[in-house]
Amino acid sequence: MTGMSSLTRARASELATAIKNGEVSAVEVTQAHLDRIAEVDGTAEAGVHAFLHVDADGALAAAAVVDQKRAAGEELSPLAGVPLALKDVITTADMPTTAGSKILEGWRPPYDATVAQRLREAGIVILGKTNLDEFAMGSSTENSAFGPTRNPWDLTRIPGGSGGGSAAALAAYEAPLAIGTDTGGSIRQPAAVTGTVGVKPTYGGVSRYGLIACASSLDQAGPCARTVLDAALLHTVIAGHDPLDSTSIAQAVPDVVAAARRGADGDLTGLRVGVVKELGGEGYQAGVEARFNDAVALLSKLGAEVVEVSCPHFTYGLAAYYLILPSEVSSNLARFDAMRYGLRVGDDGTRSAEEVMNLTRGQGFGAEAKRRIMLGTYALSSGYYDAYYGQAQKVRTLIARDFEAAFAQVDVLVSPTTPTTAFPIGEKVDDPLAMYMNDLCTIPSNLAGNASASFPAGLADEDGLPVGLHVMAPVMADDRLYLVGAAVESAYAAQWGGTLLEQAPALEGTAQ
Amino acid sequence: MTVTTALPSFDEAIATYEPVMGMEVHVELGTTTKMFCGCSTAFGGEPNSQVCPVCLGLPGSLPVVNRTAVESAIRIGLALNCSIAEWCRFARKNYFYPDMPKNFQTSQYDEPIAYDGWLDVSLGGETSETFRIGIERAHMEEDTGKSLHVGGATGRIHGASHSLLDYNRSGIPLIEIVTKPIEVPAAVAPAVAKAYVTELRELIRALGVSEARMELGQLRCDANVSLRLPGDPYGTRTETKNVNSLRSVERAVTYEIRRQAAVLSSGGTIVQETRHWHEDTGETTAGRRKEEAEDYRYFPEPDLVPIAPSREWVEELRATLPEPPSVRRARLQEAWGFTDLEMRDVVNAGALSLVFDTVAEGASAGGAKKWWLGEVARVANERGVALEDAGITPGDVARVEALIAEGSLNDKLARQVVEGVLAGEGTPDEVVAARGLVLVNDDAALGTAVDDAIAAQPDVAEKIRGGNLGAVGALIGAIMKSTKGQADAKRARELILERLQG
């Protein structure tokens, strides 16, 4: 483990071991990543633009603390000294938190999210805050008020969204670990289109305290990494009951690290896998389907028993989601009113509080945020509630029952993560419905609250871009995701001679 | 529309129309911490000193339900003979207002924690008739912050140059108690409304869940009133907001009955609207009309999990219920030997607990009642404060009574002592010492005064010698004057009679 480039290419688990063994200091590791960010991240106009804010001083100081602890002979936690990119929708007391919105530009929260606090307690070094679609609403990161993030595989393409910044930071070797949040696929879809690993834990598995809400009943923070084991290690740090989040589950976290290690042996004998009939076919890119079918064949080869399973109500998932989500958004985003923090427009002493609120919200929110606020306001209105929000909640129950029925037959379900590979920036910005289709496969797990993840599954033949394998597990059976993910990962590593990401074309440094 | 001048009297109004009422009462719970966070609920802190990310609604913050508040809600529900929900949720009530940090209020909507109960109230006095007030529901919610409008007249938003916001109150637990339609004989309707709020206040205090002091906003009342012709369906109602004293409840309902009667009898129609109550003029004025009312877009609060009180817990809480106030009152009335009328006066004055505590300190019930409803009430009323805030404690009152009983004070001196305590001059003993209020009852000192009075008014003395005892008063008056009221009148009389008839 010498040389800056090997430090940024190393796995988080390797870095942690090297730091623990004194082969490299946490400060050196952090500096290597800060250098990499300076080299490739660029600006809103050019480069990856994964980060909205980089806290070099804070990161180096946090790394120095880890080095001091090691020098003092203190026990280091498993990921101590490893750098991480934090999605800018999670509050940090020492860095601005924007949620990708102009309405929060420059806001410094007075408190750390529980996730941020747990990362710090584990000695993980937070490099900075990553770009996202405004308030995590989007599938391309183009809805960020601060300019898009670009896919390191092809800078003309989207890195997925809303957590495009976190996924791109991993794919561009700017950080070995990242935190994402997933409301309808915002961890998994970016992971799929950047060739990285993204896990949406069981709803309630990771505290939402300090996660700026998009849709409270759907939001879930989770680990993003380049390898399954790294994701599992990070999962262990952030997961677990939090008394500050009433929806957090007061149960032991499944042993995801053990599952990842076991999965790496590549033996899935006895595992029952269900291929969801409704997630595939028309509208799915040929290369995506081909890689998915390969992955299913691989699962069989590894000993899994593969069957087709029908989840008939998944078809209504997207429609239900786009009623429930905007309803919650319309209420969650009401607090951004210029009265207490964030942007304030037109407060020149001549206007009433109501006028200032209106002006601020008019100028502070982007088009997608406004679209969803209006949709949700309408869906919750008296006279429409039963027909829209009420019906959508019934669909939600039916989807949860589909999962229950399916999991009575199989241990995990699989589908492609996304219908297509990364599309060109700008292609779908004027077509919200086409954009929404990106989340077709990922949405059911948010509606039902079960765990699911995306793992690299190869490149589509027609465009050479990454495809994701989507694995869904029952509530609080997150370990099954890691078992399957690690098995697939090790089999593919043997086949490809390394990770999928290593097949990515060299990223041209924009800062050079 | 100025109908003020043409208002019929209350009796005229109810000669034609029947009122139907509905009361909505908000009770601020006396929990140590707020409904959804650990901030203090203490009253009177520096503005915005009792706040945190949760009650400021900062992005990312999440609520956690205060168990004690749920417990209080259940106990209130049980005391109101309600059913307690086996499963209920919070809901978001969405509307924009600067004093509401999230721009939604976390409340309960169609799933209240307590529902379908009743409370018996009686008007006291000669009739012991009770009226059963149906309780529709009692639900939990959070309070808003407070706006202070600066630069305009009388603190109203109209004409203000700017507003200041204090979020200390934001998130304080509230219980809203809503009655079913109250249909009682028209003549007693306003009195029943007042009796209901009074009884509810006593109940809340007895439960120990809130001090329920209306003047501090710990108990706030909205009064719904509609009129109809006998036999007709319910008429259109108005909701008079913030009727925040017991007396105002009766007055506001009376006014609304008269106002609506005037509108209806002149062929007009009642508009469904909120109305503002004006304590000073005793009138209500139009507020927001129904069609201007917000669509609150209620939906279940996704940040909180449902509340499912186990039946065991509910029964445990039921076992903690205090004696119902009506039972307690009957027991105390008997113990104190008060008439119905006396007891009603004590209750209406909000002095029940004060009298109780004063008796517990050793005073007689009659003596305690005399002071709390007399001198203390007069001063409290002048200052516009509650009896308990007038500046005298039950212990002080009991001490004054003790001084009278041991003969150190007469009634006149005692009144001066109470005045002194109320004026902040210290304890009764300190006031006695500082003002030199000692009853002159030793025969030497008093004897001189008696001799002087007899010498000064020989004609009166002569009448007394002649058996005219009615004339003694004139001499006592003179003695009191010469001793500045500190003479023991009883002993003075004895001395006069000794000298003139002995």
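The values are calculated or read from the model by the stated rules, or taken from the named source; none is laboratory data. Since this is a predicted model, take the numbers as computed values, not measurements. Backbone-built Cβ (ideal geometry, glycine too); neighbour counts: all protein chains shown.
Some values worked out for this structure:
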read-out	value
Residue, surrounded by the most Cβ atoms within 10 Å (Cβ to Cβ), within region B:437-459, restricted to residues that are in contact (Cβ under 8 Å) with a residue 40 or more places away in the chain and not hydrophobic (A, V, I, L, M, F, W, C)	B:Asn441
Test: residue in region A:367-384 that is outside any helix (DSSP H, G or I), within 14 Å of another protein chain (Cβ to nearest Cβ), in contact (Cβ under 8 Å) with a residue 24 or more places away in the chain and out of contact with any strand residue (DSSP E or B) (no Cβ under 6 Å at 6 or more places or on another chain)	no
Those residues of region B:95-112 which are within 11 Å of chain A (Cβ to nearest Cβ), part of a loop (DSSP other than H, G, I, E, B) and either touching a helix residue (DSSP H, G or I) at 6+ places or on another chain (Cβ under 8 Å) or buried (at least 23 other Cβ atoms within 10 Å of the Cβ) (or both), in sequence order	B:Phe96, B:Pro98, B:Met100, B:Pro101, B:Lys102, B:Asn103
Exclusive hit being more than 23 Å from A:Pro505 (Cα to Cα) and either buried (at least 24 other Cβ atoms within 10 Å of the Cβ) or under 16 Å from the mean Cα position of the chain (by Cα) (or both), set A:Leu132, A:Leu170	A:Leu132
Single residue of B:Ala319, B:Ala293, B:Ala308 found to be exposed (fewer than 14 other Cβ atoms within 10 Å of the Cβ), under 31 Å from the mean Cα position of the chain (by Cα) and within 14 Å of chain A (Cβ to nearest Cβ)	B:Ala293
Region B:402-444: number of residues that are assigned to a loop (DSSP other than H, G, I, E, B), of a type outside the set (A, V, I, L, M, F, W, C) and within 22 Å of B:Ala380 (Cα to Cα)	4
Filter pass, A:Glu278 being charged (D, E, K, R), away from every other protein chain (no Cβ under 14 Å), in contact with a Phe, Trp or Tyr (Cβ under 8 Å, 6 or more places away or on another chain) and not in a helix (DSSP H, G or I)	yes
Residue match in region A:311-324 (condition: farther than 13 Å from A:Ala392 by Cα and either of a type in the set (Ser, Thr, Tyr) or over 25 Å from the mean Cα position of the chain (by Cα) (or both))	yes
Matching residues in region B:221-239 - criterion: being more than 11 Å from B:Met21 (Cα to Cα) and surrounded by 20 or more Cβ atoms within 10 Å (Cβ to Cβ)	B:Cys221
Considering residues of region A:350-366 that are facing another protein chain (nearest Cβ under 10 Å) and free of Cβ contacts under 8 Å to residues at least 24 places away in the same chain only, the residue nearest to A:Leu104 (Cα to Cα)	A:Met357
Checking A:Val253 against (1) closer than 26 Å to A:Gly123 by Cβ; (2) surrounded by fewer than 18 Cβ atoms within 10 Å (Cβ to Cβ), the condition it does not meet	(2)
Region B:311-322 residues that are at pLDDT below 95, paired with ones that are in a helix (DSSP H, G or I) (beta carbon under 6 Å, 6 or more apart)	B:Pro322/B:Ala206
Selection count, region B:254-308, where residues are in contact with a Gly (Cβ under 7 Å, 6 or more places away or on another chain) and not β-branched (Val, Ile, Thr)	4
All positions within region B:49-63 that are of a type in the set (A, V, I, L, M, F, W, C) and either touching a Cys at 6+ places or on another chain (Cβ under 7 Å) or at pLDDT below 95 (or both)	B:Val51, B:Cys52, B:Val54, B:Cys55
Verdict on B:Arg329 being surrounded by 14 or more Cβ atoms within 10 Å (Cβ to Cβ), out of contact with any helix residue (DSSP H, G or I) (no Cβ under 6 Å at 6 or more places or on another chain) and either within 14 Å of chain A (Cβ to nearest Cβ) or not in a helix (DSSP H, G or I) (or both)	no
Residues of region A:300-349 satisfying the condition of being within 12 Å of chain B (Cβ to nearest Cβ), part of a helix (DSSP H, G or I) and of a type outside the set (D, E, K, R)	A:Leu323, A:Ile324, A:Leu325, A:Pro326, A:Ser327, A:Val329, A:Ser330, A:Ser331, A:Asn332, A:Leu333, A:Ala334
Lone qualifier among A:Gly165, A:Gly147 - being out of contact with any helix residue (DSSP H, G or I) (no Cβ under 6 Å at 6 or more places or on another chain), touching a residue at least 60 places away in the same chain (Cβ under 8 Å) and either surrounded by fewer than 24 Cβ atoms within 10 Å (Cβ to Cβ) or within 14 Å of chain B (Cβ to nearest Cβ) (or both)	A:Gly147
Selection count where residues are within 14 Å of another protein chain (Cβ to nearest Cβ) and out of contact with any strand residue (DSSP E or B) (no Cβ under 7 Å at 6 or more places or on another chain), scope region B:66-94	1
Test: residue in region A:191-204 that is within 14 Å of chain B (Cβ to nearest Cβ), under 20 Å from A:Gln117 (Cβ atoms), among the hydroxyl-bearing types (Ser, Thr, Tyr) and under 20 Å from the mean Cα position of the chain (by Cα)	no
Boolean, B:Glu273 is within 30 Å of A:Ile249 (Cα to Cα), over 24 Å from the mean Cα position of the chain (by Cα) and charged (D, E, K, R)	no
